[in-house]
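Participant: Before we start, here is the structure in question, set down as C-alpha cells.
The values are calculated or read from the model by the stated rules, or taken from the named source; none is laboratory data. Being a predicted model, the structure only gives us computed values, none of them experimental. Methodologically, a virtual Cβ is constructed for each residue, glycine included, from the backbone with ideal geometry; neighbour enumeration extends over all protein chains shown.
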Amino acid sequence: MGRAEGYIHLSRHLGIDIQSLQDPSSPLRLKNFGTCKYKKQAGTTEAELLLSRVIATRAAHFAIAATAIPNGTIPSAEELRDAILDQNDWVGFTQLVEWCWSNGIPVIHVNNFPSEAKKKPTGFTLRHQGQPAIVLCAEYKQPSRQLFVLAHELGHLSLDHVPVDGALLDEKVEEDGTAIDSEEREADRFAVHLLTGNPHSQLDTGGNWPSATDLAKLARDYGLRNGVDPGHVILNWAHSMGEVWHIANAALKLLVDQFDAVDFLAQRLTANLDWNRLPEADSAFLSRITRQEYNG
C-alpha cells in the first residue's frame, strides 16, 4: 500500500482529516462528526475519551450503512415492554437485541481499542443521517450485565437525548443511583421501567443472604411472576444489599439461559448486516474492530 493510499484509509476509517495527515507540521484534526454529549466521570477529560469516540463512531457509521431496515419511532418504555412481553416471559438481553435489529437499530460490541485510548466508554449511542446505532463497549460476558446498559442507551434514543447527526457517550452506566445529570437519570428511569415495569418492586430475601443456588431459584421464580429477567433480578438485589457480589456472581452462573453476550452480539452483527453494502476495506475494518473473522 502506497503512502497516499494509506492516508486515505486512515482518514476514512478513523475520521482523521487527510490534510493534517499529509502535513507533518500540522496537528491531527478530526473530521466533523457532529455534536457529542460526553457523560463522563469527575476527573475524566473529553480528550481522554476522544479516540474511543472516534473508533465507536466509525464502527457505528459502517454498521448503519450496511443495515437494510429503516428504523421507525422508538416507543416509550411501557409500550416497548408490552410489545416484548407479548411473546416472551421477560425483557431480556436476547429479546432487546433482537427487537433493535428488527427495527433497524444496529447493536454492536466494540472493545478493541488501542492502548492510546486512555479512557473507554461503557455505552455509546449515535444518530447518523437519521439512523440510530448503539455501541456497547464494556467487556461484560454475562448478558444480564449488558442488559441495563442497552436499555439505558435505548432510553437516550427514545427520549431524544442524542443530537441529530451526533452522539452521546456514557463513560459509565450503573443502576446504582449515581447518575451524573438529568438526562442520565431519565435514561435510568426508562431502563428500569422497560426491564421491570415497576421501579419500586424487587426481590425481598428478608435481609438474609441466601446461597447462590437459592438466589438463582428465587430470582427465576420472581422473574416469571413479574416479567423481569432473572439476571437483572439478581443484580438489582445485589445493589440493594451492598457487599454481596460474590453471591450474585455465583448465582448468575447458575441461571440456565446464560451465554456469552459478546459472542452473541458478534453473531447478530454477522447475521443482520448486508455486507455487500460496504466496500471491502470498510467490511474488514468493521470485522476487525468488532473482533469477528473476516475472510475478504
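Participant: With the structure loaded, tell me whether His246 is over 20 Å from Ile84 (Cα atoms), without any contact (Cβ under 8 Å) to a residue 40 or more places away in the chain and either outside the structural domain of Ile134 (by TED's automatic domain parsing) or in a helix (DSSP H, G or I) (or both) or whether it fails that test.
Facilitator: Numbers: over 20 Å from Ile84 (Cα atoms): yes; without any contact (Cβ under 8 Å) to a residue 40 or more places away in the chain: yes; either outside the structural domain of Ile134 (by TED's automatic domain parsing) or in a helix (DSSP H, G or I) (or both): yes.
It is true that His246 is over 20 Å from Ile84 (Cα atoms), without any contact (Cβ under 8 Å) to a residue 40 or more places away in the chain and either outside the structural domain of Ile134 (by TED's automatic domain parsing) or in a helix (DSSP H, G or I) (or both).
Participant: Residue by residue through region 249-262, note down the ones that are in a helix (DSSP H, G or I) and surrounded by 12 or more Cβ atoms within 10 Å (Cβ to Cβ). Explain how you work it out, then say what you get.
Facilitator: First, pick out the residues of region 249-262 that are in a helix (DSSP H, G or I): 249-254, 261-262.
Correct list: Asn249, Ala250, Ala251, Leu252, Leu254, Ala261, Val262.
Participant: Could you tell me which of the residues Asp221, Asp229 is modelled with pLDDT of 95 or more and crowded, with 16+ Cβ neighbours inside 10 Å? Steps first, answer last, please.
Facilitator: Details: Asp221 fails: crowded, with 16+ Cβ neighbours inside 10 Å.
Going through Asp221, Asp229 in turn, the sole match is Asp229.
Participant: Need the failing condition index for Ser287 against (1) within 24 Å of His109 (Cβ to Cβ); (2) touching a helix residue (DSSP H, G or I) at 6+ places or on another chain (Cβ under 7 Å); (3) modelled with pLDDT under 95; (4) not aromatic (Phe, Trp, Tyr), just the number.
Facilitator: Among (1) within 24 Å of His109 (Cβ to Cβ); (2) touching a helix residue (DSSP H, G or I) at 6+ places or on another chain (Cβ under 7 Å); (3) modelled with pLDDT under 95; (4) not aromatic (Phe, Trp, Tyr), the lone unmet condition for Ser287 is (2).
Participant: In region 149-159, what residues are in contact with a helix residue (DSSP H, G or I) (Cβ under 7 Å, 6 or more places away or on another chain) and either surrounded by fewer than 24 Cβ atoms within 10 Å (Cβ to Cβ) or of a type in the set (S, T, N, Q) (or both)?
Facilitator: Result: Ser158, Leu159.
Participant: Taking the conditions exactly as written (of a type outside the set (D, E, K, R), under 15 Å from Thr290 (Cα atoms) and out of contact with any Gly (no Cβ under 7 Å at 6 or more places or on another chain)), does Ile64 satisfy them or not?
Facilitator: Numbers: of a type outside the set (D, E, K, R): yes; under 15 Å from Thr290 (Cα atoms): yes; out of contact with any Gly (no Cβ under 7 Å at 6 or more places or on another chain): yes.
Yes, satisfied.
Participant: Looking at region 202-227, which of its residues are without any contact (Cβ under 8 Å) to a residue 60 or more places away in the chain, under 16 Å from Ser144 (Cβ atoms) and small (Gly, Ala, Ser)?
Facilitator: Once the filter is applied, which keeps residues that are without any contact (Cβ under 8 Å) to a residue 60 or more places away in the chain, under 16 Å from Ser144 (Cβ atoms) and small (Gly, Ala, Ser), region 202-227 yields Ala212, Ala216, Ala219.
Participant: For Arg268, which of the numbered conditions (1) under 15 Å from Ala66 (Cβ atoms); (2) part of a loop (DSSP other than H, G, I, E, B); (3) basic (Lys, Arg) fails to hold?
Facilitator: Unmet condition: (2).
Participant: Sort out which residues of region 254-292 are under 20 Å from Trp101 (Cβ atoms) and among the charged types (D, E, K, R), and write them in order of number. Outline the logic, then answer.
Facilitator: Keep residues of region 254-292 that are under 20 Å from Trp101 (Cβ atoms), which gives 257, 259-278, 282-283, 286-287, 289-292.
Answer for region 254-292, where residues must be under 20 Å from Trp101 (Cβ atoms) and among the charged types (D, E, K, R): Asp257, Asp260, Asp263, Arg268, Asp274, Arg277, Asp282, Arg291.
Participant: Can you pull out the residues in region 253-270 that are under 20 Å from the mean Cα position of the chain (by Cα) and touching a residue at least 40 places away in the same chain (Cβ under 8 Å)? Working first, answer last.
Facilitator: First pass over region 253-270, keeping only residues under 20 Å from the mean Cα position of the chain (by Cα): 258-270.
Listed by number, the residues that qualify are Gln258, Phe259, Asp260, Ala261, Val262, Phe264, Leu265, Ala266, Arg268, Leu269.
Participant: Now for a different question. Within region 69-84, restricting attention to residues that are assigned to a helix (DSSP H, G or I) and in contact with a helix residue (DSSP H, G or I) (Cβ under 9 Å, 6 or more places away or on another chain), which residue is surrounded by the most Cβ atoms within 10 Å (Cβ to Cβ)? Before the answer, list the steps.
Facilitator: Step one: list which residues in region 69-84 are assigned to a helix (DSSP H, G or I), which gives 77-84.
Narrowing the set further to residues that are in contact with a helix residue (DSSP H, G or I) (Cβ under 9 Å, 6 or more places away or on another chain) leaves 77-78, 80-81, 83-84.
Working: Ala77: 23, Glu78: 12, Leu80: 21, Arg81: 20, Ala83: 14, Ile84: 19.
By that ranking, first place goes to Ala77.
Participant: Return the residues of region 160-210 that are more than 23 Å from Ser76 (Cβ to Cβ), surrounded by 19 or more Cβ atoms within 10 Å (Cβ to Cβ) and not charged (D, E, K, R); say none if nothing qualifies.
Facilitator: Leu169, Leu203, listed by residue number.
Participant: Moving on. Does region 114-136 contain any residue that is hydrophobic (A, V, I, L, M, F, W, C), surrounded by 22 or more Cβ atoms within 10 Å (Cβ to Cβ) and in a loop (DSSP other than H, G, I, E, B)? Explain how you work it out, then say what you get.
Facilitator: Narrowing region 114-136 to residues hydrophobic (A, V, I, L, M, F, W, C): 117, 124, 126, 133-136.
Next, from what is left, pick out any that are surrounded by 22 or more Cβ atoms within 10 Å (Cβ to Cβ): 124, 126, 133-136.
Applying the additional criterion that residues be in a loop (DSSP other than H, G, I, E, B) yields none.
No.
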